[in-house]
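J.: The structure's right below; bear with me while I get my questions together.
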Amino acid sequence: MTIKPLIILPDPVLRQVSSPIAQVDDAVRKLSDDMLETMYDAPGIGLAAIQVGIPKQMLVIDLHKEGEEKQPQIFINPEILRSSDERSAYEEGCLSIPDYYAEVERPAKVTVKYVDIAGKEQIVEAEGLLATCLQHEIDHLNGVLFIDYISRLKREMVIKKFTKAKMRA
Ligand code: GNR
Ligand code: NI
């Protein structure tokens, strides 16, 4: 397994739209291992392939509590079938926008269809943090970031800060 470097704002790679995965083969399984290792190392609770520069429709999530067993979940070609009218707000962060957090309101429940790491189609009804995390990650597959939901002024301030930080690096 390999820890891969994270793509950071304002890299335009984060705005790419990811393509579906045709087949769950060895390369896809290796990528999911690398993504999980990268996510645990960061640490984060989710990671989309585009955050390591790969425009494929894959994301990983692990919501296990501290001191409990790992619970890696792999979602290939995920698609939101249904979103609740009910909303819930979470303080979100993103490994591609380090140390910036903002409250985002999203549908509280989503039904997501995806392909698992065995290549089998699955459907999950998610709520709570899993629902928020799935939506945050599926947004990445479409080139969307959580700062797209905050005010334009705040978003432009964040982008400016990261652009300056990159110039200094
Ligand atoms: O680690 C992460 N935490 C988080 C917290 C609230 C809502 C979404 C997330 S996902 C984020 C990791 C990440 O950037 N995934 O794309
Ligand atoms: Ni993110």
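J.: Could you run through the stretch 115-141 and say how many residues are surrounded by 14 or more Cβ atoms within 10 Å (Cβ to Cβ) and either in contact with an Asp or Glu (Cβ under 7 Å, 6 or more places away or on another chain) or polar (S, T, N, Q) (or both)?
T.: Residues that pass the stated criteria total 4.
J.: Six or more apart or on different chains, Cβ atoms under 7 Å: show the pairs whose first residue is in the stretch 88-99 and part of a loop (DSSP other than H, G, I, E, B) and whose second is open to solvent by 50 Å² or more (accessible area, probe 1.4 Å) and within 13 Å of ligand 2 (Cβ to nearest atom).
T.: Partner pairs satisfying both residue conditions: L95/L6; S96/L6; S96/I8.
J.: Moving on to the next point. Only one of these is on the phi > 0 side of the Ramachandran plot and modelled with pLDDT of 95 or more: D85, D99, D116, D148. Name it.
T.: The unique qualifying residue is D99.
J.: Is it the case that the stretch 41-53 has a residue that's in a loop (DSSP other than H, G, I, E, B) and more than 11 Å from ligand 1 (Cβ to nearest atom)?
T.: yes
J.: Out of curiosity, is K70 open to solvent by 20 Å² or more (accessible area, probe 1.4 Å), basic (K, R), more than 30 Å from R168 (Cβ to Cβ) and free of Cβ contacts under 8 Å to residues at least 24 places away in the same chain?
T.: When the stated conditions are applied, K70 does not pass them.
J.: If V144 satisfies every condition in (1) within 13 Å of ligand 1 (Cβ to nearest atom); (2) touching a residue at least 40 places away in the same chain (Cβ under 8 Å) but one, which is the exception?
T.: The number of the failed condition is (2).
J.: Out of all the residues in the stretch 104-140, which are within 15 Å of ligand 2 (Cβ to nearest atom) and assigned to a strand (DSSP E or B)?
T.: Within the stretch 104-140, V104, R106 meet the criteria.
J.: Any residue in the stretch 34-46 that is open to solvent by 50 Å² or more (accessible area, probe 1.4 Å) and among the aliphatic types (A, V, I, L, M) sitting within a Cβ distance under 7 Å of a residue that is more than 13 Å from ligand 2 (Cβ to nearest atom) and not in a helix (DSSP H, G or I)? List the pairs, counting only those 6 or more apart or interchain.
T.: Taking only residues 6 or more apart or on different chains, the pairs are I45/D62; I45/L63.
J.: Only residues that are more than 16 Å from ligand 1 (Cβ to nearest atom) and within 14 Å of the chain's Cα centre (by Cα): list them for the stretch 77-99, please.
T.: Result: N77, E79.
J.: Go through (1) out of contact with any Leu (no Cβ under 8 Å at 6 or more places or on another chain); (2) open to solvent by less than 80 Å² (accessible area, probe 1.4 Å) for P78 and report which single condition fails.
T.: The number of the failed condition is (1).
J.: Being closer than 17 Å to I50 by Cα and in contact with a strand residue (DSSP E or B) (Cβ under 7 Å, 6 or more places away or on another chain) is the filter; apply it to the stretch 142-154 and report the residue that is surrounded by the fewest Cβ atoms within 10 Å (Cβ to Cβ).
T.: L145
J.: Related question: Check A102, A118, A131, A108 and return the single one that is within 11 Å of ligand 1 (Cβ to nearest atom) and more than 15 Å from the chain's Cα centre (by Cα).
T.: After ruling out the rest, the residue left standing is A102.
The values are calculated or read from the model by the stated rules, or taken from the named source; none is laboratory data. All values derive from a computational prediction rather than experimental measurement. In this analysis, Cβ positions are derived from the backbone assuming ideal geometry, glycine residues included, and neighbour counts consider all displayed protein chains. Protein only, heavy atoms only, side chains kept; ligands, DNA and RNA dropped before computing areas. Shrake-Rupley method; radii C 1.70, N 1.55, O 1.52, S 1.80 Å.
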